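Since the structure comes first, as structure tokens, the remarks are kept for the end.
The values are calculated or read from the model by the stated rules, or taken from the named source; none is laboratory data. Since this is a predicted model, take the numbers as computed values, not measurements. FYI the Cβ positions are ideal-geometry reconstructions off the backbone, even for glycines, and counts take in every protein chain you see.
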Amino acid sequence: DETVKLPPVPAGSPPGPAPSRSASLEARDISAWFGDHKVLDRVSLTMPAQRVTALIGPSGCGKSTFLRILNRMHELIGTASLAGQVLLDGQDIYDRGRRITQARREIGMVFQKPNPFPAMSIYDNVLAGLKMNGIKAGRAERDDLVEECLTKAGLWREVADRLRQPGGALSGGQQQRLCIARSLAVRPRVLLMDEPCSALDPTSTRRIEQTIGELSDEVTIVIVTHNMQQAARVSHSCAFFLAEQGTPGVIVEHGPTETMFGNPQDERTSDYVNGRF
Ligand code: ADP
Ligand code: MG
């Protein structure tokens, strides 16, 4: 039974250099196949620390596959094969000797459909990743962690007096914020979000966008979204994925969000961000 100590809390607020655990994530020449079907072709992208990177592009161009490859999640679904490298702060998460569980702890993921454990209490939901990762924490530490993570996820005030209620009793937007809190509890360095607001109403969406803005100092964020206003609001940079008929997904263009929306260099980017396909 392995005991891992919680990494230190990224200490408080400015002034001074931000003591953040946020790390850069770099994909190098990622290609992926489902059987014979090649779905990504030599995709390279740097996702800098303390920044929000948005992945945009039509359905089926490989965004979710790419996201799963970024934390070895695709190994769970088993079917994809892969070439290329993923560097977390310069270290390849696929190196022999680097463990899959370490990659998943350092690089968290939030999905389109909120997936708290419905029968488990709100409190235990937040801490669920600790047990799975063999992280031990005392009672006081756990209480503090639950409050801290729910606060960061913008949910604390709504649930502080009912932490023992089941996660499944919350609204959809609250469940998604609970999932964000749960992913933060193991102190990831990167948070991957696959269309985190697609199943939510506009008010819940705005609250999660606000949370993303607040979190970006301490955790690198990569978000897939089909909502161009959302990409423009939350991201510092954007990558436009496209799979033109029968060809695997590639990044057509990437760059600062202002450029991608205001002055895209590729006509296909311009068409996409302006809703022309
Ligand atoms: P996006 O998230 O951009 O919509 P996906 O990464 O889900 O794209 O899918 C990219 C391509 O990979 C699609 O052609 C899709 O049909 C295929 N694909 C995705 N998941 C699987 C899977 N588990 N098995 C086989 N093909 C898959
Ligand atoms: Mg997808």
inquiry  = Just the residues that are among the hydrophobic types (A, V, I, L, M, F, W, C) and assigned to a strand (DSSP E or B), please, taken from the range 119-149.
reply    = Ile135
query = Looking at Thr205, Thr225, which is the one that is hydroxyl-bearing (Ser, Thr, Tyr), within 16 Å of ligand 2 (Cβ to nearest atom) and closer than 29 Å to Leu242 by Cβ?
reply = Thr225
inquiry  = If Val126 meets every condition in (1) crowded, with 17+ Cβ neighbours inside 10 Å; (2) over 29 Å from Asn227 (Cβ atoms) apart from one, which number is that one?
reply    = (2)
request  = May I ask you to verify whether Gln91 is over 25 Å from Ala153 (Cβ atoms) and surrounded by fewer than 17 Cβ atoms within 10 Å (Cβ to Cβ)?
outcome  = yes
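Yes/no per residue for (1) without any contact (Cβ under 8 Å) to a residue 24 or more places away in the chain; (2) small (Gly, Ala, Ser); (3) more than 22 Å from Ile100 (Cα to Cα):
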site	(1), (2), (3)
Ala23	no, yes, no
His37	yes, no, yes
Leu40	no, no, no
Thr46	yes, no, no
Gly57	no, yes, yes
Gly60	no, yes, yes
His74	no, no, no
Ala80	no, yes, no
Gly84	no, yes, no
ask   = Within the range 228-238, can you find the residues that are crowded, with 19+ Cβ neighbours inside 10 Å and either in contact with a Gly (Cβ under 8 Å, 6 or more places away or on another chain) or modelled with pLDDT under 95 (or both)?
value = Val234, Ser237, Cys238
request  = State all residues of the range 184-231 that are of a type in the set (D, E, K, R) and either without any contact (Cβ under 8 Å) to a residue 24 or more places away in the chain or in a loop (DSSP other than H, G, I, E, B) (or both); if no residue qualifies, say none.
outcome  = Arg187, Arg189, Glu195, Asp201, Arg206, Asp217, Glu218
ask   = Which members of the range 212-268 meet the condition of being of a type in the set (Val, Ile, Thr) and within 16 Å of ligand 1 (Cβ to nearest atom)?
value = Val222, Ile223, Val224, Thr225, Thr247, Val250, Ile251, Val252
remark   = With criteria (1) out of contact with any helix residue (DSSP H, G or I) (no Cβ under 6 Å at 6 or more places or on another chain); (2) assigned to a helix (DSSP H, G or I); (3) touching a residue at least 24 places away in the same chain (Cβ under 8 Å), Arg162 comes up short on (2)
inquiry  = Can you tell me which condition Thr151 does not meet? The list is (1) within 23 Å of Asp217 (Cβ to Cβ); (2) touching a residue at least 12 places away in the same chain (Cβ under 8 Å), and all the others hold.
reply    = (2)
remark   = Taking the range 31-75 and keeping only residues that are in a helix (DSSP H, G or I) and either more than 9 Å from ligand 1 (Cβ to nearest atom) or surrounded by fewer than 17 Cβ atoms within 10 Å (Cβ to Cβ) (or both), one is left with Ile69, Glu75
Flag if Ser81 is closer than 27 Å to Ser270 by Cα and not in a helix (DSSP H, G or I) = no
task = Might you let me know whether the range 270-277 holds any residue that is hydrophobic (A, V, I, L, M, F, W, C), within 16 Å of ligand 1 (Cβ to nearest atom), in contact (Cβ under 8 Å) with a residue 60 or more places away in the chain and assigned to a strand (DSSP E or B)?
result = no
task = Read through the list (1) surrounded by 20 or more Cβ atoms within 10 Å (Cβ to Cβ); (2) away from ligand 1 (no atom under 16 Å from the Cβ); (3) in a helix (DSSP H, G or I), then give the number of the only condition that Pro116 fails.
result = (3)
ask   = With (1) part of a helix (DSSP H, G or I); (2) at pLDDT below 95 as the list, and Cys179 as the residue in question, which single condition is left unmet?
value = (2)
